Amino acid sequence: MDEETRGMNKILLIQKGNSYLATSLLQNLKDGGSETFSCQASVNDIAAAKAYDYNAVVLYGSPDFVEDAKVLTYLADNLEENDTPYYCIADSTELEVFKKVLPPSCRRMEFLRPVKVDEVAFKINFDLLNNVGVTHRKKILVVDDSGTMLRKIKGWLDDRYKITLANSGARAMKALALEIPDLVLLDYEMPIVDGRQVLGMMRDEPEYAKIPVIFLTGKSDAESVKSVLDLKPEGYLLKTESPEKIIGQIDAFFEKQS
């Protein structure tokens, strides 16, 4: 992304067909400072567009859209899994279907047609900038064989990051195949497949090789720390540190990446 678009909200509009009003809305969203894209309301097109890569999704309702149960189910799962905010533009009947099927936790605003596209675009851009934020919650995969540790870390980070948990190296690799995180917190010492081996497998796969990894370790002696750092992770966290310090270190890591 170039300097002009960096920091913009990325909005995906999903519709059936090609409505003139939807096209006009996209232009108004763009004029208001968002980076805009569109796709058809089909499972293949939504999957290809990678809706989870966007800051928000705008659903432009139509009878054939809300009657496509397969698309609505796929969309509902996708929005909820990735915590993606969505906005609905539709008539009263279509809005009722959207409300019934799609996750309420991700719903931001509903606009009853007919609408003034310039007003809708302004409200969406303003809401994203002031209430949802310019960026998605970062995704963190936490890998640890201790269920207690997994629950602790999720509790510490869940209000600011999207957390996925894996209690073994094998499950970590399966989780990576489903979704690429922004960071992996990886337990250094695990049975069967330890953190060293997991990192090795990640580095051997081009798709995962550049994912940042921070090791979790319970040992703070110089020899143990050296063994961890020799693998050249992005850093390490001591499990014995306070929750506040662990949160602060992760926040600092992402701040350096922005």
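For region 59-106, the relative contact order is 51 percent, taking Cα pairs closer than 8 Å that sit 6 or more residues apart in sequence and dividing their mean separation by the residue count.
In terms of the Cα gyration tensor, with a ≥ b ≥ c the square roots of its eigenvalues, is region 86-225 rounded because a/c is under 1.5, prolate because a/b exceeds b/c, or oblate?
Details: a/c = 2.88, a/b = 2.75, b/c = 1.05.
Prolate is the answer for region 86-225, as a/c is 1.5 or above and a/b outweighs b/c.
Quick one: grab the alpha carbon gyration tensor of region 26-93, order the square roots of its eigenvalues as a ≥ b ≥ c, and give me rounded if a/c is under 1.5, else prolate or oblate depending on whether a/b is larger than b/c. Oblate, because a/c is 1.5 or more while a/b does not exceed b/c.
Computed over region 24-176, the P(r) curve from all C-alpha pair distances, binned at 5 Å from the origin, holds 1, 8, 16, 19, 18, 14, 9, 7, 5, 2, 0 percent per bin.
What does the accessible area per residue of region 69-111 come to in Å², with a 1.4 Å probe and no ligands, DNA or RNA counted?
Details: 2030 Å² over 43 residues.
I get 47 Å² per residue for this part.
Equivalent ellipsoid of region 121-189: semi-axes from √(5λ) of the C-alpha gyration tensor, largest first, are 30, 13, 7 Å.
In summary, the aspartates and glutamates within cross-link reach of Lys162, defined as a Cα separation below 17 angstrom excluding same-chain residues under 8 places away, comprise Asp53, Asp77, Glu80, Glu81, Asp83, Asp144, Glu179, Asp182, Asp251, Glu255.
Among Lys50/Lys99; Lys99/Lys210; Lys50/Lys154; Lys10/Lys226; Lys70/Lys210; Lys123/Lys152, which pairs are too far apart, with a Cα-Cα distance over 30 Å? Don't skip to the end; give the middle numbers.
Values: Lys50/Lys99 22 Å; Lys99/Lys210 39 Å; Lys50/Lys154 25 Å; Lys10/Lys226 41 Å; Lys70/Lys210 35 Å; Lys123/Lys152 38 Å.
Where the Cα-Cα span goes over 30 Å, the pairs concerned are Lys99/Lys210; Lys10/Lys226; Lys70/Lys210; Lys123/Lys152.
Return a whole-number percent for the relative contact order of the chain, with Cα pairs under 8 Å and 6 or more residues apart as the contact set. Mind showing how you got there, number by number?
Details: 393 pairs, mean separation 32.8, N = 258.
Computed value for the chain: 13 percent relative contact order.
Scattering from the chain was approximated by placing one identical point on each alpha carbon and applying the Debye formula without solvent; log10 I(q)/I(0) at 0.07, 0.13 1/Å stands at -0.31, -0.88. In the chain, the calculated helix contribution to ellipticity at 222 nm averages -13000 deg cm²/dmol per residue, counting -39,500 (n - 2.57) for every DSSP H run with n ≥ 4. Averaging the sequence gap over all C-alpha pairs within less than 8 Å and six or more residues apart, then dividing by the number of residues, gives region 107-172 a relative contact order of 30 percent.
Of the accessible area of the chain, computed with a 1.4 Å probe over protein heavy atoms only, carbon and sulfur atoms account for 50 percent. Per-residue HN-Hα couplings for region 60-66, Karplus 6.51 cos²θ - 1.76 cosθ + 1.60 at θ = phi - 60°, whole Hz, x for Gly and Pro? Listing the rounded values in order: 9, x, 7, x, 6, 5, 6 Hz.
The values are calculated or read from the model by the stated rules, or taken from the named source; none is laboratory data. Remember, it's a predicted structure, so these values are computed and weren't measured experimentally. The protein model used for the area step is the full one, side chains on, heavy atoms only, and it has no ligands, DNA or RNA in it. Shrake-Rupley method; radii C 1.70, N 1.55, O 1.52, S 1.80 Å.
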